[in-house]
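A short worksheet on the structure shown next.
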Amino acid sequence: MKLTKQHIEDDNKKGLASQNNSYNFLADSLTSQGHDVDAIVSKLSKFQVAIPSWALGAGGTRFGRFSFYGEPSTLEQKIDDVGILHSLTQTAGAVSLHIPWDIPSDYAAIKQQADALNIKFDSVNSNTFQDQKNAKESYKFGSLSNTSQAVRDQAIQHNLDVINIGDKLGSKSLTVWLADGSSFPGQNNFQTAFQNTQNSLIDIYAGLPEDWKLLIEYKPYEPNFYSTVIQDWGASLMLANGCGEKAFTLVDLGHHLPNSNIEQIVSILQLKGKLGGFHFNDSKYGDDDLTVGSIKPYALFLIFNELVYGMENNPQNPDLAWMIDASHNIKDPLEDLIQSLEAIQEAYAKALLIDQKALRTAQLENDVTKCQEILQGAYRTDVRPLLAAARLKTGGAINPIQSYRNLAVREGLIKERGRNTIATGL
């Protein structure tokens, strides 16, 4: 199923007058405050977030999984779904593949399909947290950190194979997340596990093409609850530094202990030129993988404040890889992803409204009240008309969720694919 520009233009007609009124009112107000509204809209229209191939079907818990019907059961169907998201939002211009769940059978055909939908291939993701069919070795007690050289070699080779797959598609980075760790005290020697991981990552790093990056993710717990080998941003940064200048830390919003100051982590990594990527989601208790901005929207805004500052003031840090990493257990996955894309754009737009010069002056003068007023003044601004204007500029929908429903997309997918389909890898 594909959405044409005409479909979207026709649906936009219903809300165009209201959008124009809202936008003009907001634009006049922001212009009077000294903002370049056209520049903000231009930045919003260029901001792209990758959609992970595993997030296009219904997720689940260890207790059960409930399908949302019409799920994409092939890689081709997943790319079609990303095309639907991109048509509506004009923000989902990339897909991030998980290997071995989504290995193309025909690389040329997959690239042609993606090109037709104006979709690029973002970072490829390896999987050494599950035993794969016909694998000789098991990852039950770890992969890159395992005490067995044979297990480590198998995990290293898998990552090298993933790099080769991504290279054929035009990807430029490999994301490594490890489930390695221990469930009980004394199970692992911490130093040995960390050194094994470092040595394994160095071997993987040696297989990177010249223009690629290695993104190293971290997580404090789960599936192991006593220790995790790469438990925080410090461990990730040390491993990245141990590999070389093409290795970076990847921050996932859900991979922190409660009340961690993620914006401070982001800021320091950018200062050191070592923030490589970002995975968006939201959480209340842990790595809940909830819709972006559904629980802590102000925290997301504060993170974007640091991201915007870093993008402007830290040229030593590379362009970032942006991706949503959420699990859609009871919502339509496409609607959930649309809501996440909207929340990301909203936080970005509000951060662009922060008067960084005035904020810097207030900081230097230790005017704490003024600092808070500047941040909260930007946060309280309803920027949704700016987001809609950015989408209209590039052919998207004024209200993507409403258009998705008006155009009966899920019904069309069910009719096309059937009700009892299951997305690969879930």
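Under 13 Å from the Cβ of S73, count the other residues' Cβ atoms, weight Lys and Arg +1, Asp and Glu -1, and hand me the total.
Around S73, the charge tally is -3.
For segment 49-200, with the dipole built from +1 on Lys and Arg beta-carbon atoms and -1 on Asp and Glu ones, taken about the Cα centre, which of Q132, N118, T197 lies farthest toward the positive end?
Farthest towards the positive end: T197.
Can you tell me, using C-alpha contacts under 8 Å and at least 6 residues apart, the relative contact order of segment 265-313 as a whole percent?
36
Nothing charged except the Cβ atoms of Lys and Arg (+1) and of Asp and Glu (-1): what's the magnitude of the dipole of segment 87-215 about its Cα centre? Round to the nearest 20 debye.
160
In debye to the nearest 20, how big a dipole does segment 287-409 give about its Cα centre with +1 on each Lys and Arg Cβ and -1 on each Asp and Glu Cβ?
The calculated dipole for segment 287-409 is roughly 480 debye.
Hey, can you rank 202-209, 125-132, 147-154 by average C-beta count inside 10 Å, highest first?
Highest mean packing first, the order is 125-132, 202-209, 147-154.
May I ask you to derive the relative contact order of the chain, considering only C-alpha pairs under 8 Å and at least 6 residues apart, and to give it as an integer percent?
23
Tell me the net charge near E346. Cut-off is 14 Å between Cβ atoms, E346 excluded, with +1 for each Lys or Arg and -1 for each Asp or Glu.
Value of the local net charge: +3.
Can you tell me the accessible area per residue over the chain, all protein chains present, probe 1.4 angstrom, in square angstrom?
Accessible surface, normalised per residue, equals 46 Å².
Mind listing the long-range amide H neighbours of G181? Cut-off is under 5 Å, sequence gap 5 or more, other chains count too, H placed in the peptide plane at 1.01 Å from N.
Result for G181 returns V229.
Would you tell me the accessible area of R405, worked out with a 1.4 angstrom probe on the heavy atoms of the protein chains, in Å² to the nearest 10?
It works out to around 150 Å².
Mind listing P(r) for segment 20-100? All alpha-carbon pairs, 5 Å bins, whole percents.
Over segment 20-100, the share of Cα pairs per 5 Å bin runs 3, 12, 17, 15, 13, 10, 8, 9, 8, 5, 1 percent.
Please say if segment 2-57 is rounded, prolate or oblate, where rounded means a/c under 1.5 for a ≥ b ≥ c the square roots of the C-alpha gyration tensor eigenvalues, and otherwise the choice is prolate for a/b larger than b/c and oblate otherwise?
oblate
In terms of modelled amide H atoms, which long-range or inter-chain residues lie less than 5 Å from the amide H of D252?
Correct list: Y218, H279.
Can you give the charge dipole size of segment 233-305 about its Cα centre, rounded to the nearest 20 debye, using +1 on the beta carbon of Lys and Arg and -1 on the beta carbon of Asp and Glu?
240
Where a ≥ b ≥ c are the square roots of the eigenvalues of the C-alpha gyration tensor, would you call the chain rounded, which needs a/c under 1.5, or, failing that, prolate if a/b is larger than b/c, or oblate?
It is oblate, given that a/c is not under 1.5 and a/b is not larger than b/c.
Taking only DSSP H segments of four or more residues, each worth -39500 (n - 2.57), what value at 222 nm results for the chain once the sum is divided by all its residues, to the nearest 500 deg cm²/dmol?
-15000 deg cm²/dmol
Do any trypsin sites (Lys or Arg not before Pro) in segment 63-138 lie in a DSSP loop with no more than 11 other beta carbon atoms within 10 Å, and if so, which?
Filter output for segment 63-138: K133, K136.
Here are some pairs, K13/K393; K111/K246; K78/K331; K133/K331; K393/K415; K246/K272; which of them have Cα atoms lying more than 20 Å apart in this structure?
Exceeds cut-off: K111/K246; K133/K331; K393/K415.
Please list, ordered by chain and number, the residues whose modelled amide H lies under 5 Å from the amide H of A247; skip anything fewer than 5 residues away on the same chain.
Here L214 satisfy the definition.
Output wanted: per-residue J couplings in Hz (rounded whole) for segment 329-346, from phi through Karplus 6.51 cos²θ - 1.76 cosθ + 1.60, θ = phi - 60°, x for Gly and Pro.
So the Karplus estimates, Gly and Pro as x, are 8, 10, 9, 4, x, 6, 5, 4, 5, 4, 4, 5, 4, 5, 5, 5, 5, 5 Hz.
Where both partners of a DSSP beta bridge lie in the chain, what percent of those bridges are antiparallel, to the nearest 5?
Looking only at bridges with both residues in the chain, the antiparallel portion is about 10 percent.
The values are calculated or read from the model by the stated rules, or taken from the named source; none is laboratory data. Keep in mind that what you see is a predicted model, and the values were worked out from it rather than measured. When we count neighbours, we look across all protein chains shown, and the Cβ atoms used for this are built from the backbone with ideal geometry, even at glycine. Only protein heavy atoms, including side chains, enter the accessible area calculation; ligands, DNA and RNA are left aside. Shrake-Rupley method; radii C 1.70, N 1.55, O 1.52, S 1.80 Å.
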